Every structure is written in structure tokens, then in C-alpha cells.
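Presented below is the structure to which this report refers.
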Amino acid sequence: MLAVAILAAGKGTRMRSDLPKVLHQLGGKSLAEWVLDSLDEVNPVRRLVIVGYRGEMVQASLAQSPTNSLTPALEFVTQAEQLGTGHAVQQVLPYLKDFEGDLLVLNGDVPLLRATTIKRFLETHQASGNPASILTAHLPDPKGYGRVFCDSQNLLQQIVEDRDCTAAQKQNRRINAGVYCFNWKALAEVLPNLKAENDQKEYYLTDAVNFLQPVNVVDVGDYQEILGVNDRKQLANAYRILQERIKDDWMQQGITLIDPDSITIDDTVQLEADVIIEPQTHLRGKTLIQAGSRIGPGSLIENSQIGKNVTVLYSVVSNSSVADNCQIGPYTHFRGNVAVGTQCRIGNFVELKNTTLGDRTNVAHLSYLGDTTAGDRVNIGAGTIMANYDGVKKHRTTLGDRVKTGANSVLVAPITIGSDVTIAAGSTVTENIPEDCLVIARARPVIKPGWRLKSAEAESQTNK
Ligand code: UD1
Ligand code: CA
């Protein structure tokens, strides 16, 4: 049986942030969510998260995350004062009183671990029968990490924190990844004996490891997996590594990325075959791009569904959906809650919000559609504006099928326009219109033959 404890109580002083470190975002998920997701291939019976600094906030954030719907339920353990990683694990003692099995401990700030690595680590631990195992790596730059010293059998002698190392010990590049597996009963016995006798005056989990012998030391193949995030620079570095991983993966799955270095893709994004992503394009959140679509250059798509064979050029699409075969942009802004039917053309300098359009409907130039429902084959003329706001409330505009609005028309909501209505250019329409008619709502021109400006006439007289 396996229980898991995630250490997420620290403030993360080196981040210089109000936000607890484990809630900092990395490609659409918080650091803590990444760590929880790395448990995908092991089957714990308990998932404990140790929280402290702004604990309610960490708890609320994880409670909303998709990982919270998985089993076993997350259990939150409070570490009221953060007296070190060993002290954090001490808080678990009452929760696992009668537990028999292994405890996997993960630092909440090590987000790039692969699920397969955790699985292999656990298998090695279980096969050995030893009371503890730690995951290690050889780092080109080990500064800041605990150094791992082993005997000739590759069994642990001791872990020494960077700040407690002698100059000679600092030369050792083998570091502690912050991933441990313990026989719980053995750990529970040594946990109460930890002493805060070190440079930080903290209770170190690494000391508990030092007390348990023999300890397996398992090297990870790809050292980038175990990089910890302690400051903003390391966060940016982790993001770069993650992006490389995500993009390599998509390219292997048949996605074309043009100039991948200029593109970012969240881990939560889904792409179908033969999608082409052009430069300077960013795909975020729960976004799906279906087969054959071409996104970019210069576009941001977040939490949106884009159908098949759609093009999106220099545009922003947020919290919206676009059905198959549409052309979007350049310079279209979907501000949220917009659903566009198939074969629509939404064009240059168009803003849409809270709006539903049917199939084959065009909004080609310079328009604002807010709180609007339009049917199929509607043509919104250049510069048409839905005046949806009366200064206090928002109101809805409803258009039937095959409506055509002339250039520069204004529809003042609330208003309903029947099907097959044509609105003349420059009209301001303020009342409901029945089906099948022409609406002209503008002043007729007044023409006065022979009329000239008085001063101009006087001037032409004197010049004679
Ligand atoms: C720790 C290890 C170090 C290892 C490194 C790997 C110890 C003493 N040192 O150092 O050997 O190389 O991780 O990344 O464990 N936390 C709590 N409560 C506390 C203190 C910390 O929950 O009282 C949490 C933090 O939120 C964080 C994790 O434990 O998620 C690690 O703490 P941190 O202070 O970052 O440890 P490091 O100095 O990086
Ligand atoms: Ca750390």
C-alpha cells in the first residue's frame, strides 16, 4: 500500500511573492498540480497535501483543480508554523497512525517529474526491501541543492544541505531531488527525533533519511526532471523545459509548428492531426484545435474550441467556440461566450462578446456584436454596431436568418429583427422589425438647388 505526502506549506521566500510558491503557474497548471499529476502511474490509497503559508488559499485552489476529482480524495494537513521539511512530514503522523505500507514524499516545488520516473523509483524501492530510497541526479550546476554522498555499494552515507556543506563537499554534483520513498513504520520511528541543528535552524527531512539505513539512491536519467523552483529565474527555466517537451511531443504527433521557439502551448491544450501553428501564437487553458486548422501568426487562443479547417489570423479568441471551415481575422477579438457556426467569415477589426452566430454568417469588417443572436446566412455590413448597453443594463439583439445590415447601421437593443430583413446603410433601428422587409431608418437628404454659402457668394461678387 502506498500513501503520498506533498510538501506545500512553505512561503517560497525567494519568489518574493504574495502568492504561495506552489500556486505559481507553469503552463496552465500550478506547481502543486504538476506534482499531483506526476502520480498518474502509481496508485496511492491516500493523498496528503501539507499546507501552511496561506493554507486556505492553496487548499481552495487545489479543490477546484481537475486533480481533486480523482481518487483517493486529497486530504489537507496543516503545518501551522513552517519549521522545515522534516517538521512538515511530522504533521502527517496522526493522519497515518495505523497505516502500513510505504510513504512517497514529494516536494511541492519540483514540477517536471515524469509519472514514469516516479513509477520506476517506487518499483526500485519496493524491490529492495530497504527502509528508504531517494531520487538523485548529477547536475551541471548543483548550487542550492542538498548533496548526496554514497558508499562504494551506492548506498547513502549522508545528505548535506548546500548551506551546511564544506567547500570540498560543495564540489559534489550529485544532488537530492526532494523525492523520497519510506517504509512508513520505519520513518514514523525516527521522525520525532529530528533536531534543528543546522544553519537554518530547521527540522530537515533529509536528516530522517540520514537516520534510516540502508537507503537506496536512484539516479534519474534526465536531470531536467528534478529541477526545483525556488525563484523566478528557475520558474522561467522550468517553463522553457516544459515548452520544449510539449512542443516536441506535438511535432511527433503530426502537428506543424512554424518557428517553435516563438510559440507557447499549455499542457492542457489538445491538437488534432495536421494542425499548423504559425509564429507568435499562444494556446492556453482548455483549448482544442481540430484537424486541418491553421492558427496564427500572432494569435492567442484560450479556453476555446476551434473546429476543423479553420484559419485564425492575428486574432484573440477567449472562452469561445468556432465551428468548422470558418475564417477568423485579421484582428478579430472574441471576448468570451461566443459561438460561431460553420463556414462563417469574421473579419477585420471585429469584436464579439456573448454572441451566437448560425452557419454561413459573415461579419466581415469593423463591427461590434455584443449580446447578439443571429441566424444562418446573415450578412453584417461594414461598421454595424449592436448598441447593447443603455448605460445601466445590457440588452439582447436577435436577428433571424438571411438578415442583411447596411454599412454603418446601429441596432439599439433590446431588439428583434425577423428573417429576410434588409436594413439600409446608415440606419439607426430602435424597434422590432417583422420578417421579409426593407428598413430605412435615416434622414432623407434635403437638396436645395443653387444654394451657396453667403460669404462665398459675396466674395465672388467683389472679385469680379
Ligand atoms: C530541499 C531539500 C534539498 C533538496 C531540494 C530539492 C531539505 C532540508 N532539503 O531543499 O536536499 O536538494 O529540496 O529541490 O528538505 N516545505 C514545507 N514546510 C516547511 C518547509 C518547506 O512544506 O516547513 C515545502 C516547501 O513548500 C517546498 C518543499 O517543502 O515545496 C521544499 O522546501 P524548500 O525550502 O524549497 O527546500 P530546499 O531548500 O529547496
Ligand atoms: Ca526547493
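Observations on the structure shown:
- Candidates VAL4, VAL51 - the one that is modelled with pLDDT of 95 or more and closer than 17 Å to TYR203 by Cα: VAL51
- Residue selected from segment 10-24 under the condition within 11 Å of ligand 2 (Cβ to nearest atom) and in a helix (DSSP H, G or I), by the criterion surrounded by the most Cβ atoms within 10 Å (Cβ to Cβ): VAL22
- First in segment 258-282 and modelled with pLDDT under 95, second anywhere and open to solvent by 60 Å² or more (accessible area, probe 1.4 Å), Cβ under 7 Å, 6 or more apart: THR268/LYS286
- Condition met for ASN348 (of a type outside the set (A, V, I, L, M) and in a loop (DSSP other than H, G, I, E, B)): no
- Hits in segment 334-345 (condition: open to solvent by less than 30 Å² (accessible area, probe 1.4 Å) and touching a residue at least 24 places away in the same chain (Cβ under 8 Å)): PHE334, GLY341
- Scanning segment 108-140 for residues that are closer than 19 Å to ARG173 by Cβ and within 16 Å of ligand 2 (Cβ to nearest atom) yields VAL110, LEU112, ILE134, LEU135, THR136, ALA137, LEU139.
- Summed over segment 30-46, the residues that are buried (at least 21 other Cβ atoms within 10 Å of the Cβ) and under 16 Å from GLN64 (Cβ atoms) give a count of 6.
- Filtered residues of segment 216-226 (kept if crowded, with 21+ Cβ neighbours inside 10 Å and within 14 Å of ligand 1 (Cβ to nearest atom)): VAL217, GLU225, ILE226
- In the set (1) within 21 Å of LYS286 (Cα to Cα); (2) more than 16 Å from ligand 2 (Cβ to nearest atom); (3) in contact with a Leu (Cβ under 9 Å, 6 or more places away or on another chain); (4) modelled with pLDDT of 95 or more, the condition left unmet by LEU103 is number (1).
- Tally of residues being among the β-branched types (Val, Ile, Thr) and surrounded by fewer than 16 Cβ atoms within 10 Å (Cβ to Cβ) across segment 68-91: 2
- Residues being within 16 Å of ligand 2 (Cβ to nearest atom), touching a strand residue (DSSP E or B) at 6+ places or on another chain (Cβ under 8 Å) and either without any contact (Cβ under 8 Å) to a residue 12 or more places away in the chain or outside the structural domain of ALA127 (by TED's automatic domain parsing) (or both) - total across segment 141-192: 0
- Among the residues making up segment 193-208, those that are within 16 Å of ligand 2 (Cβ to nearest atom) and not charged (D, E, K, R) are ASN198, GLN200, TYR203, TYR204, LEU205, THR206.
Here is a yes/no grid of residues against (1) β-branched (Val, Ile, Thr); (2) within 28 Å of the chain's Cα centre (by Cα):
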{"residue": "ALA339", "(1), (2)": "no, yes"}
{"residue": "LEU366", "(1), (2)": "no, no"}
{"residue": "GLY381", "(1), (2)": "no, no"}
{"residue": "GLY400", "(1), (2)": "no, no"}
{"residue": "VAL429", "(1), (2)": "yes, no"}
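- Some residue of segment 78-92 being β-branched (Val, Ile, Thr), within 16 Å of ligand 1 (Cβ to nearest atom) and part of a loop (DSSP other than H, G, I, E, B): yes
- Screening ALA425, ALA407, ALA364, ALA382 for residues that are part of a loop (DSSP other than H, G, I, E, B), assigned by TED's automatic domain parsing to the domain that holds ASN325 and in contact with a strand residue (DSSP E or B) (Cβ under 6 Å, 6 or more places away or on another chain) leaves exactly one candidate, ALA382.
- Those helices (runs of 4 or more DSSP H) of segment 114-215 in which at least 2 residues are closer than 30 Å to ILE246 by Cα, among the basic types (Lys, Arg) and more than 11 Å from ligand 1 (Cβ to nearest atom), considering only elements entirely within it, cover 115-128.
- Conditions (1) under 27 Å from GLY307 (Cβ atoms); (2) out of contact with any Lys or Arg (no Cβ under 7 Å at 6 or more places or on another chain): number failed by ARG360: (2)
- One residue from THR430, THR398, THR416 being closer than 16 Å to VAL363 by Cβ and open to solvent by 20 Å² or more (accessible area, probe 1.4 Å): THR398
- Tallying residues that are open to solvent by 30 Å² or more (accessible area, probe 1.4 Å) and either assigned to a strand (DSSP E or B) or in contact with a His (Cβ under 8 Å, 6 or more places away or on another chain) (or both) within segment 367-379 yields 3.
- Residue within segment 178-185 that is of a type in the set (D, E, K, R), modelled with pLDDT of 95 or more and surrounded by 20 or more Cβ atoms within 10 Å (Cβ to Cβ) present: no
- Test: residue in segment 236-247 that is touching a residue at least 60 places away in the same chain (Cβ under 8 Å), outside any loop (DSSP other than H, G, I, E, B), among the aliphatic types (A, V, I, L, M) and within 15 Å of ligand 2 (Cβ to nearest atom): yes
The values are calculated or read from the model by the stated rules, or taken from the named source; none is laboratory data. All values reported here derive from a predicted model rather than from experimental measurement. Here the Cβ is made from the backbone with ideal geometry for all residues, glycine too, and neighbour counts use every protein chain on show. In case anyone asks, the SASA skips ligands and DNA or RNA and just uses the protein heavy atoms, side chains included. Shrake-Rupley method; radii C 1.70, N 1.55, O 1.52, S 1.80 Å.
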